[in-house]
1. Checking the conditions here, which among GLY20, GLY35, GLY9, GLY52 is open to solvent by less than 100 Å² (accessible area, probe 1.4 Å), under 60 Å from the mean Cα position of the chain (by Cα), modelled with pLDDT under 80 and not acidic (Asp, Glu)?
2. List the helices (runs of 4 or more DSSP H) inside region 179-234, counting only whole elements, that have at least 2 residues being free of Cβ contacts under 8 Å to residues at least 12 places away in the same chain and either in contact with a His (Cβ under 8 Å, 6 or more places away or on another chain) or open to solvent by less than 60 Å² (accessible area, probe 1.4 Å) (or both).
3. Give region 193-219 a look and list any residue that's under 29 Å from the mean Cα position of the chain (by Cα) and not charged (D, E, K, R), or say none.
4. Filter region 103-143 down to the residues that are at pLDDT below 65 and exposed (fewer than 15 other Cβ atoms within 10 Å of the Cβ) and list them by number.
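The values are calculated or read from the model by the stated rules, or taken from the named source; none is laboratory data. Bear in mind the structure is a predicted one, so any value in this text is a computation, not a measurement. Cβ placement follows ideal geometry from the backbone for every residue including glycine, while neighbour counts extend to all protein chains displayed. The accessibility values were calculated without ligands, DNA or RNA, using every heavy atom of the protein model including side chains. Shrake-Rupley method; radii C 1.70, N 1.55, O 1.52, S 1.80 Å.
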Amino acid sequence: MNNLNDPPGWNFGPDRRGDGDSNKWNYALLVPVLGLAAFHWIWTRKSKREIGEVKAGYARDLTAVSNRLERKYRQVVTESRRAAARVELDLEKERQRAQGYRQAVHSQGQQLLEERKRLQEERQALEEEKQRVAQRGAAAVLLEDALGRESERQASAAAVLSEFEAGLVERQSSFCNAFLPRKWRLEMERDLLNRAAAEPLAAELNMESDLEDIFRNDRHCDVLTGDKRKNGSLMWLYLRFWQLQVTLQKHKRAQESLLGVKPNQK
């Protein structure tokens, strides 16, 4: 009967030959295998720990970068909204200013049109009076003489108005040119006001206050054609108004001169 406790060829049993060398080689191979297994286990565990630390560090860095980008994004959005609000406020102010200017120009235009209509009516009345005087014989000659004398004065007045017109054209051109210094325009305005204060015709026409009104309210600029004479709106209305006043004064003085001669002729 076989003995299971003593199987034949058992590696760990004593060598049947009695020398024991085979057992020594078996133990010698087992130790490196166990050492490699232990090293692999330690290395694997350490690698997993390092990988976990790297992943945790990467997650922290990613979270920090995400938070920083989020704060930066919110800051940019806030600044953009503030800038948009400022721009909207500025646009609203400009719209209100433009509306106020349009209303002022419209009101001034209406007043000038009414004044022009009144002057035309007075001129028409003077022309009719002139015709009636002309029909009365010798009085027509006196009227023609009076108008002739007043024509010289009117020509002088027209020259003065022409000088003011040239000055206003240059002043408006300076106002419409954003590259010219503001002090140049202010110097032109002071020069025109000084001339208006020193010129007798300007005093008769009350041009000084009209010039100040032009400087405050006339902001029209023609940026498409570049023609200086197309700049300005209110100033051209005033120039036409002054010309009509000069013509009206001419006829009034002629009429007064004619009426002053009549009593001496009787």
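1. One residue alone meets the criteria, GLY52.
2. none
3. Hits for region 193-219 are LEU211, ILE214, PHE215, ASN217.
4. ALA134, GLN135, ARG136, GLY137, ALA138, VAL141
Quick grid of which residues meet (1) touching a Gly at 6+ places or on another chain (Cβ under 6 Å); (2) at pLDDT 90 or above; (3) not aliphatic (A, V, I, L, M):
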residue	(1), (2), (3)
PHE179	no, no, yes
ALA198	no, yes, no
LEU211	no, yes, no
LEU234	no, yes, no
PHE241	no, yes, yes
